[in-house]
Amino acid sequence: MKDALEQATSGGGKVSRDWGAIAPAVLVFALLALGPLAAEAYGGAYLTSLLMRMMLLAIAAISLDLLIGQGGMVSFGHAAFIGLGAYVAGIMITEGAADLAMILPMAIVASTVFAVVTGAISLRTSGVYFIMITLAFGQMLFFTASSLSAYGGDDGLTLWERSTVFGFDLLSSNVTLYYLILVTLIGAYALVGALVGSRFGRVLRAAKENPTRVEALGFSVFSYRLTAYVIAGVMAGVAGVLMANQAEFVSPSTLAWQRSGELIIMVVLGGMGLRNGALLGAVALVALEETLSSITHDWRLIFGPLLVLTVLYAKTGLAGVADAWVARLWRRA
Amino acid sequence: MTTSFSYGAAFKTLTIAGAALGLALGTVAAHAESIKVGMLVTLSGPPGALGGQSRDGFQLALEELGGKMGGQDVEFIVEDDELKPEVALSKANSLIERDSVDFVVGTIFSNMLAAVFKPVTQSETFLISPNAGPSTFAGKNCNPYFFVTSYQNNQNFETLGKYAEAAGIKKAFFLAPNYQAGRDQAEGFRKHFTGEVVEELYTPLGHKDFSAEIAQMAASDAEALFTFMPGGMGVRLVKQFRAAGLADRMKFYSAFTVDETTLPAQQDDAVGFFGATNWAPNLDTPQNKAFVAAFEAKYGYVPGGYAMQGYDTAMLINAAVEAVGGDLSDKDAVRAALKAADFTSLRGDFSFNNNHYPVQDFYLLQVAKRDDGKYQTEIVEKVFDDYADGFAESCPM
Amino acid sequence: MSTTLLLIQLLNGLQLGVLLFLIAAGLTLVFGVMGFINLAHGVQYMVGAYLAVAFYGVTEHFLAAMVLALLAALAIGLALEFLVFRRLYHRDHLDQVLATFGVILFLNQAAKTIFGPTPLILPTPEWLDGSFLLVEGLLYPWYRIAVIVAGLAVAALLYVLVRHTKVGMLVRAGAANPQMVSALGVDIERLFMIVFGFGAMLAGFAGVLAAPIFSVEPGMGDDLLIVAFVVIIIGGIGSIKGAFIAALLVGLVDTLGRTLATDAMKLFFDVSSANQIGPALASMLIYILMAAVLFFRPTGLFPAKGMA
């Protein structure tokens, strides 16, 4: 059975477990760990909040790559899960149930339910039809959030306090929140890495290449895909809870289709299905936007062509380029 | 291949590098004695015209002050919130933390204000809104570090309601986009209007085709339309309303719909339509005349309320800096100086209420074509004298 | 809802439908024939509108401005195809998404930098500037009728082109089975260029037609692009017939929904809740429609054969 599966995967998805494969990510995590220290010297809360936003988007992008890179399911509604988590946190904090011990389970349940219902319907389709139906569900949630006038409607909801953790007011300090987000990011990276290397990941990849064959081997492609969809949704939902706490603000724009599009762009820019792709894509995109927009208000005149050039000349995405560099260093060493 | 080396070019490069270095050192050295003002407004996309006016108004005031406030050099940093909450938040953080500004002037839109309000006020930096004045921060959430130089958002529609009541209008048709500010306007309108609102319609934001709504207006027996359609929506509504021939049957009253940012596109279609706010370019005070003339000479377009409020904000800050003798370290003193509002506003009477929102006059305006072919709003009558918003009572300050 | 309102809404729905069709036609062909996802298609709509405004400023003549704008839109479309898009035909769909997204950012910003952020207008041509009395007390502009007629005429022309010309036959064959067409020794690159240029021009045409009714502003094509995608998905990718029917369907559902949804909600809720739920529901309707169509027909109403 396993051999048949490997055959069906027909290479390409092999996961290398050596250090070289995760070196770029380890480097990024190490640099991120120094973030609050660097902020002391330069930029202050501006830098930490920028890095936190970067890490949260990276978590969402990593979860999306589980769908796109491994499962071939291009979800154009992934931001809906971030928004769901963020709104669960926002509403519960406003209503006085501010503890993470209550909010997290609630957000996980909400994301799971939304993922199961929309996933079961969406997975009847594939390819571009899947893209559009996930967009449809995302839009429905977006318009629902916009009409929640008790919770700010389109204007969004300002959170006057952050979540507590088992009754302790840990997150009011940016530094604690920062490391909580970093740990979550590393956890997300490791979880997706483990899933990719597991039998689950192999079935998912095999089904991407050749679903009929995987069905013939006795796997239910639908249940594997739905499971992946739920896992990715929950991960993004958790990122949403943290995002609401970081920004102290929740608004419908968190789940607009433009945000879902940005997540796809992070995944593609970084390199679909590559171990470090989504992570590097998210980091690069946020950093690039921030740098360019601080130089000129017309920054999109530069940013747009840069994206085009990346597609044309860095065909394997940023992670592909990074892997090539690592490989070269390895040989030299 | 020949290599050539130009001493001239090398020297030039060195000079530029030196100058850049000097400039960098200069900024560091000057830091201690310069006033830093960060402006956070919307400059991208179609609503960018509003932020552009704010910036231009502020800049003009700064120029008239010789680039100094209270005798100190001013460093003026402009950031674009792109009308995205997360961008607004990040830019606000960058102004507070990286640039350590003394004042943040922003925002244009209420939802951007909601995103940046907490971090800016919490850092004990003064946040002065040149336009957005939501009810959220006017009542129990009013803040010692937050000032508004425009109005409380509902007030323009309260003005219309008051006017409609006085003019004896019995049946009104209300139209607004489906978002918080739109629903707030309906509430504002009803505050003084006791007649019947025969229909209350909400369209999606960015609505393109108003003909269905216009058909409903035509079918209704309303005497007048009361609408809030900012930006491009207002341009389309006015054109389509005019084309449907309704302008002959129904009066067109509005707020943020026919103003100097939309008139260049609406042109003749908007002439005769009504608006309501705290100012118009033809307000007859010497300061205002000078301002409008200088503004048009410098930027080539007619200033709207956004530009006026940008200008006034700069003058307000200048007055406060002067009053404390340039010492911005004593926050309580700065707050008291701001609250005193010891400057001549372009709109005449101006003072701050206990919630730091303005107390000022409100007018009914009408669109007119000037002799030079440009369009502007002009004052028809004063509706409110020294009018304060209704949320101030619940503000504990 | 009165009959008058219904009549007007039908006309409005039809008008939105034909504009959507003009955009969707190019999109569905480019996607169907070349397997190319072109997000920048909506920008072509904006480019058409801006070009018309610019040329009107020079010529002061609507038809002349329209012709010049169409030619320029075609030229810009072909230039983009030559510079960027043709390098992407054999790439992954998502690479196409990323690159064409870059093109959107660039052109939207360029429009803003060149023409400024304020909305612009294109005057209605004088010979269409009148209105007629639709019902007592309500005028309906001739121009809007002209938009509907022009849109339907283009649809008919397209039908003839696709059904009865050699290029049309190749296009249909290409949508159904691309490998087959290239195996037959057809110059596929030239075919792609023709289809692409034509699609860009159609979207530009929609922009020119829409300019006198709507305001011309940066990013005006972005939301329409998403709706155009909804149209081609409902219609079935690669099918002109499907795009036409779906465009009218989406146009009507969206327009009628706006008036009906709030009224319908008033039957179940009090007025203020209905005013909140109604418009939100109205905005969702086309997405609910798409999800429902895909639920029952996972490849749209009229899928061109051979498409996944």
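The values are calculated or read from the model by the stated rules, or taken from the named source; none is laboratory data. Computed from a predicted structure; not experimentally measured. Ideal geometry is used to build each Cβ from the backbone, glycine not excepted, and the neighbour counts take in all protein chains shown.
Things worth noting here:
- Residue within the range B:221-237 that is of a type in the set (D, E, K, R), away from chain C (no Cβ under 14 Å) and in contact (Cβ under 8 Å) with a residue 40 or more places away in the chain present: no
- Top-ranked residue in the range A:166-178 [being surrounded by fewer than 18 Cβ atoms within 10 Å (Cβ to Cβ) and either charged (D, E, K, R) or in contact (Cβ under 8 Å) with a residue 24 or more places away in the chain (or both); ranked as nearest to the other protein chains (Cβ to nearest Cβ)]: A:N174
- Cβ-Cβ under 8 Å pairs, at least 6 apart or on other chains, the range A:286-300 side in contact (Cβ under 8 Å) with a residue 40 or more places away in the chain, far side surrounded by 16 or more Cβ atoms within 10 Å (Cβ to Cβ): A:V286/A:L50; A:V286/A:R53; A:V286/A:M54; A:V286/A:L57; A:A287/A:M54; A:E290/A:L50; A:E290/B:S90
- Note on the range A:250-270: residues that are more than 14 Å from chain C (Cβ to nearest Cβ) and buried (at least 24 other Cβ atoms within 10 Å of the Cβ) total 3.
- Yes/no for C:K241 being within 14 Å of chain B (Cβ to nearest Cβ) and over 30 Å from C:T124 (Cβ atoms): no
- Selection count where residues are in contact with a helix residue (DSSP H, G or I) (Cβ under 6 Å, 6 or more places away or on another chain), assigned to a helix (DSSP H, G or I) and within 11 Å of chain C (Cβ to nearest Cβ), scope the range A:313-333: 1
- Within the range C:89-102, considering residues that are at the interface with another protein chain (Cβ under 7 Å from one of its Cβ atoms) and surrounded by 23 or more Cβ atoms within 10 Å (Cβ to Cβ), the one nearest to A:Y313 (Cα to Cα): C:A99
- Residue match in the range C:12-34 (condition: surrounded by fewer than 24 Cβ atoms within 10 Å (Cβ to Cβ) and part of a loop (DSSP other than H, G, I, E, B)): no
- Test for B:P144: is it farther than 25 Å from B:A49 by Cβ and modelled with pLDDT of 95 or more: yes
- Number of positions in the range B:238-272 that are touching a residue at least 40 places away in the same chain (Cβ under 8 Å) and either within 11 Å of another protein chain (Cβ to nearest Cβ) or closer than 21 Å to C:P123 by Cα (or both): 13
- Screening A:A247, A:A239, A:A232 for residues that are of a type in the set (G, A, S), out of contact with any Phe, Trp or Tyr (no Cβ under 9 Å at 6 or more places or on another chain) and buried (at least 24 other Cβ atoms within 10 Å of the Cβ) leaves exactly one candidate, A:A247.
- Any hit, the range C:288-302, residues being within 11 Å of chain A (Cβ to nearest Cβ), touching an Asp or Glu at 6+ places or on another chain (Cβ under 6 Å), buried (at least 22 other Cβ atoms within 10 Å of the Cβ) and touching a residue at least 12 places away in the same chain (Cβ under 8 Å): no
- The criterion of at least 3 residues that are closer than 26 Å to C:L70 by Cβ is met by the following helices (runs of 4 or more DSSP H) wholly inside the range C:198-308: C:220-235, C:240-268.
- Test: C:T124 is of a type in the set (S, T, N, Q), under 30 Å from B:T261 (Cβ atoms) and in a helix (DSSP H, G or I): no
- A residue that is polar (S, T, N, Q) and in contact with a Gly (Cβ under 8 Å, 6 or more places away or on another chain) occurs somewhere in the range C:214-222.
- Among residues of the range B:240-258, those that are more than 22 Å from the chain's Cα centre (by Cα) and either surrounded by 24 or more Cβ atoms within 10 Å (Cβ to Cβ) or not in a helix (DSSP H, G or I) (or both), counted: 8
- Screening B:S135 against (1) more than 15 Å from B:L316 (Cα to Cα); (2) under 18 Å from the mean Cα position of the chain (by Cα); (3) modelled with pLDDT under 90; (4) crowded, with 22+ Cβ neighbours inside 10 Å leaves a single unmet condition, (4).
A quick yes/no check of all residues on (1) closer than 29 Å to B:E158 by Cβ; (2) buried (at least 18 other Cβ atoms within 10 Å of the Cβ); (3) modelled with pLDDT of 95 or more:
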{"position": "B:G325", "(1), (2), (3)": "no, no, no"}
{"position": "B:T344", "(1), (2), (3)": "yes, no, no"}
{"position": "B:D349", "(1), (2), (3)": "yes, no, no"}
{"position": "B:P358", "(1), (2), (3)": "yes, yes, yes"}
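- Candidate set: the range C:62-88, residues that are within 8 Å of chain A (Cβ to nearest Cβ) and aliphatic (A, V, I, L, M); chosen: the one surrounded by the most Cβ atoms within 10 Å (Cβ to Cβ): C:L88
Yes or no, residue by residue, for (1) surrounded by fewer than 24 Cβ atoms within 10 Å (Cβ to Cβ); (2) within 30 Å of B:M233 (Cβ to Cβ); (3) modelled with pLDDT of 50 or more:
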{"residue": "B:I16", "(1), (2), (3)": "yes, no, no"}
{"residue": "B:E63", "(1), (2), (3)": "yes, no, yes"}
{"residue": "B:E86", "(1), (2), (3)": "yes, yes, yes"}
{"residue": "B:K91", "(1), (2), (3)": "no, yes, yes"}
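- Condition check for C:V216: in contact with a strand residue (DSSP E or B) (Cβ under 7 Å, 6 or more places away or on another chain), within 11 Å of another protein chain (Cβ to nearest Cβ) and touching a residue at least 60 places away in the same chain (Cβ under 8 Å): yes
- Filter pass, C:T262 being within 14 Å of chain B (Cβ to nearest Cβ), touching a residue at least 60 places away in the same chain (Cβ under 8 Å) and under 24 Å from B:F174 (Cβ atoms): no
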